[in-house]
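Asker: I have a structure I would like to understand better, so I am pasting it below and will then ask my questions one at a time.
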Amino acid sequence: MRWSKEKVWDWYNARPWLRGCNYMSADCANRVDQWQALGFEERMETTERELALMQKTGFNTVRLILEYVVWKEEHDGFMERFERYLSLLAKYGISAMIVLANDCMPPKTDRWKLPYVGEQTYDWGYHGGKMHSQHGSHTGPAPHFYLDDPATREDYFCMVRELVTKYKDDARICVWDVFNEPGNSRRAELTLPILKEMFALVRSCEPCQPLTCGIWTGVDGLKEENEIMRFSLESSDVISYHFYGGYSEHIEMIHRLKREGRPIFNTEWLGRIFGNDVFSLIPLFYLEKIGCYNWGFVAGKYQTYEPWEGTWEQYYNGTNTNVDFTKWFHDLYRPNHRPYDPREIELIQKFCALADADFEREKNG
């Protein structure tokens, strides 16, 4: 059963302002690299250095997306590595929002192939490290790697059930994000029944953490006819959304979501090239006490400082020329751990410190 508003506000107000990033260490080409055995020990060393930097920045949470193929092919090792990841996060005072499924799928072309365990490749100069990725044009619904096939879907549900059951009372996990951008990649009609099954499955495990599923289509996506966005909103304990628009559009989005009367999280933001920047949004999130996870931390193989491929396409076909290509898209730090812009980090640290002081003052009456 969905949490009552009273219960979810009690949960939310019992902890400091949650702020952090969508995280993958800089030496990961993709999420297979993040979770697989090959190179994991070296990547954990990188992760520990980056988490120390994250703690210094003022962050206290990360959003992590799972990778089913690693769970399937390296089950016991994956479970051990997942536990190690949570323990390392906790060492630095960082909780995890865990994303259980994802609809950002690449279009099916002759270059399309299933994720695989082993040495990963990447292309320099492309967002996500792939020349042909989910961020390009889709002419039809993209196939889901696992959830479209009934056999692999049931196995995927086994992964979800195992993880949520094992960690349903674990304070190191702050929120279960049931599905990343459901219906993206032109998959709305295909995904809606799967999304409903996912929510029912996670609810049946009775986790102590709240559930969410982010709105990603802007205010227009909340219209009654967008069934998948409506279901996501009405099924979530805490409201979450993705938004890369400018400041005034962001105000409009928050104004709409506050009507739900529940705590709000922005689980993807920071698109400098669109005017979605640290200087305007961190003070806004602090003031409204909106939990926030920008995309990316240290620039690396995944290259999310580059624009989406679709942004390049829109610029050259004239459908969106209001883009500042002189700026990084995502990410806060350069590979040498110097800030992209030190003024951004100083601002983040300032408002994180204010938020923690607010919390201590309220806790102590």
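Asker: On the basis of being modelled with pLDDT under 90, surrounded by fewer than 19 Cβ atoms within 10 Å (Cβ to Cβ) and of a type in the set (Gly, Ala, Ser), does Ala151 make the cut? Lay out the reasoning, then the answer.
Answerer: Values: modelled with pLDDT under 90: yes; surrounded by fewer than 19 Cβ atoms within 10 Å (Cβ to Cβ): yes; of a type in the set (Gly, Ala, Ser): yes.
Spelling it out, Ala151 is indeed modelled with pLDDT under 90, surrounded by fewer than 19 Cβ atoms within 10 Å (Cβ to Cβ) and of a type in the set (Gly, Ala, Ser).
Asker: Output the number of residues of region 7-43 satisfying the condition of being under 23 Å from Ala355 (Cβ atoms) and out of contact with any strand residue (DSSP E or B) (no Cβ under 9 Å at 6 or more places or on another chain). Spell out the reasoning first.
Answerer: So the first thing to find is which residues in region 7-43 are under 23 Å from Ala355 (Cβ atoms), and the list is 7-23.
Restricting the remaining residues to those that are out of contact with any strand residue (DSSP E or B) (no Cβ under 9 Å at 6 or more places or on another chain) gives 7-11, 13-14, 16.
Selection size over region 7-43: 8.
Residue-by-condition table, conditions (1) closer than 20 Å to Asn13 by Cα; (2) touching a Lys or Arg at 6+ places or on another chain (Cβ under 8 Å); (3) hydrophobic (A, V, I, L, M, F, W, C):
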| residue | (1), (2), (3) |
| --- | --- |
| Ile173 | yes, no, yes |
| Asn180 | no, no, no |
| Ser185 | no, no, no |
| Ala188 | no, no, yes |
| Thr191 | no, no, no |
| Cys208 | yes, yes, yes |
| Leu211 | yes, yes, yes |
| Gly218 | no, no, no |
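Asker: Also, quick follow-up: Taking the options Gly118, Gly140, name whichever one is in a loop (DSSP other than H, G, I, E, B) and out of contact with any Leu (no Cβ under 9 Å at 6 or more places or on another chain).
Answerer: Details: Gly118 fails: out of contact with any Leu (no Cβ under 9 Å at 6 or more places or on another chain).
Exactly one of Gly118, Gly140 is in a loop (DSSP other than H, G, I, E, B) and out of contact with any Leu (no Cβ under 9 Å at 6 or more places or on another chain), namely Gly140.
Asker: If you take the residues of region 226-246 that are within 22 Å of Thr321 (Cα to Cα) and of a type outside the set (Ser, Thr, Tyr), which of them is surrounded by the most Cβ atoms within 10 Å (Cβ to Cβ)? Break it down stepwise before answering.
Answerer: Just the residues of region 226-246 that are within 22 Å of Thr321 (Cα to Cα), to begin with: 242-246.
Remaining after also requiring of a type outside the set (Ser, Thr, Tyr): 242-243, 245-246.
Values: His242: 19, Phe243: 25, Gly245: 17, Gly246: 16.
In this case the residue turns out to be Phe243.
Asker: Does Arg343 fit the bill of being under 17 Å from Asp277 (Cβ atoms) and of a type in the set (D, E, K, R)?
Answerer: Details: under 17 Å from Asp277 (Cβ atoms): yes; of a type in the set (D, E, K, R): yes.
Considered against the rule, which asks whether it is under 17 Å from Asp277 (Cβ atoms) and of a type in the set (D, E, K, R), Arg343 comes out as yes.
Asker: Conditions: (1) surrounded by fewer than 20 Cβ atoms within 10 Å (Cβ to Cβ); (2) touching a residue at least 24 places away in the same chain (Cβ under 8 Å). Asp123 meets all but one. Number of the miss?
Answerer: Only one criterion is unmet by Asp123, namely (2).
Asker: Name the residue, out of Met159, Met97, Met131, that is touching a Cys at 6+ places or on another chain (Cβ under 8 Å) and either outside any helix (DSSP H, G or I) or modelled with pLDDT of 95 or more (or both).
Answerer: Step by step, each of Met159, Met97, Met131 is checked, and only Met97 is touching a Cys at 6+ places or on another chain (Cβ under 8 Å) and either outside any helix (DSSP H, G or I) or modelled with pLDDT of 95 or more (or both).
Asker: Within region 188-226, work out how many residues are modelled with pLDDT under 95, farther than 29 Å from Val278 by Cα and in contact with a helix residue (DSSP H, G or I) (Cβ under 6 Å, 6 or more places away or on another chain).
Answerer: Adding up the residues that qualify gives 1.
Asker: Next question. Examine region 72-92 for a residue that is of a type in the set (D, E, K, R), more than 19 Å from the chain's Cα centre (by Cα), under 24 Å from Arg203 (Cβ atoms) and not in a helix (DSSP H, G or I), and state whether such a residue exists.
Answerer: no
Asker: Please give the number of the condition Ala151 fails out of (1) more than 19 Å from the chain's Cα centre (by Cα); (2) among the aliphatic types (A, V, I, L, M); (3) part of a loop (DSSP other than H, G, I, E, B).
Answerer: (3)
Asker: OK, next. Of the numbered conditions (1) over 16 Å from the mean Cα position of the chain (by Cα); (2) closer than 26 Å to Arg230 by Cβ; (3) surrounded by 20 or more Cβ atoms within 10 Å (Cβ to Cβ), Met97 fails exactly one; give the number of that condition.
Answerer: Result: Met97 fails condition (1) only.
Asker: Return only the number of the condition from (1) part of a helix (DSSP H, G or I); (2) surrounded by 21 or more Cβ atoms within 10 Å (Cβ to Cβ); (3) touching a residue at least 40 places away in the same chain (Cβ under 8 Å); (4) touching a strand residue (DSSP E or B) at 6+ places or on another chain (Cβ under 9 Å) that Arg203 does not satisfy.
Answerer: So the condition that Arg203 fails would be (2).
Asker: On to the next question. Can you report the number of residues in region 159-197 which are out of contact with any Asp or Glu (no Cβ under 8 Å at 6 or more places or on another chain), under 21 Å from Phe78 (Cα atoms) and not charged (D, E, K, R)?
Answerer: 12
The values are calculated or read from the model by the stated rules, or taken from the named source; none is laboratory data. Every value quoted in this text rests on a predicted model; they were computed, and no experiment measured them. Methodologically, a virtual Cβ is constructed for each residue, glycine included, from the backbone with ideal geometry; neighbour enumeration extends over all protein chains shown.
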